[in-house]
Amino acid sequence: MSVNKTECLLQAIGKLNGMGNPEAESFSINNPLMVRSWARPGKHLMTEAGFRIFPSILAGIKAGLFDLELKISGHSRAGLKPTDTLANLLGCYGLKEKLAIDNVVNYLRKGLKDATISSKTPLSYFLSETSTQPSTPETR
């Protein structure tokens with residue numbers, strides 16, 4: 001079975017933001033990455049703090065993946081390049097403290113079965129789509 005690296009990254013950040021926790025704001029607005037809207041006012045539904053509100057969790061996940069892919073590839077206004085680090089990317093999502101970064105790194109190490117991942121891992125690592133994992137009966 002293959003695990004998509006960008007999807008695993010979305011899940012790691014989403015977990016920190018309370019994805020799956022009905023008491024978390026990210027849950028109520030279907031926005032696992034807590035993506036903000038930078039569009040002209042009125043184009044997107046958003047909270048008073050500027051976080052996008054999505055009509056479904058699927059829409060929020062799709063938008064989050066799109067946002068991650070733009071940032072990782074160096075095509076976003078965030079100014080990141082594939083040579084920037086995972087810690088730089090996480091900072092774009094407000095995750096700047098060591099504990100939060102370490103939580104994401106640990107999640108990725110387990111999810112992608114790669115102990116070499118660190119806060120200094122270049123974003124280019126995530127450009128290759130998948131990490132190979134042994135298949136399990138549930139994934140065959």
So which of G20, G42 is part of a loop (DSSP other than H, G, I, E, B), under 23 Å from V3 (Cβ atoms) and modelled with pLDDT under 95? G20
Here are some residues: S28, S2, S73. Which one is in contact (Cβ under 8 Å) with a residue 60 or more places away in the chain and more than 13 Å from the chain's Cα centre (by Cα)? S2
Output the residues belonging to the stretch 37-50 that are surrounded by 10 or more Cβ atoms within 10 Å (Cβ to Cβ) and at positive phi. G50
Exclusive hit being touching a Leu at 6+ places or on another chain (Cβ under 7 Å), modelled with pLDDT of 95 or more and surrounded by fewer than 18 Cβ atoms within 10 Å (Cβ to Cβ), set I13, I53, I72: I53
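Every residue, every condition in (1) among the small types (G, A, S); (2) part of a loop (DSSP other than H, G, I, E, B), yes or no:
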site	(1), (2)
A87	yes, no
K96	no, yes
N103	no, no
Y107	no, no
S118	yes, yes
F126	no, no
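The values are calculated or read from the model by the stated rules, or taken from the named source; none is laboratory data. Only a predicted model underlies this, so the values are computations on that prediction, with no experimental measurement involved. Glycine also receives a Cβ, built like all others from the backbone with ideal geometry; neighbour counts cover every protein chain displayed.
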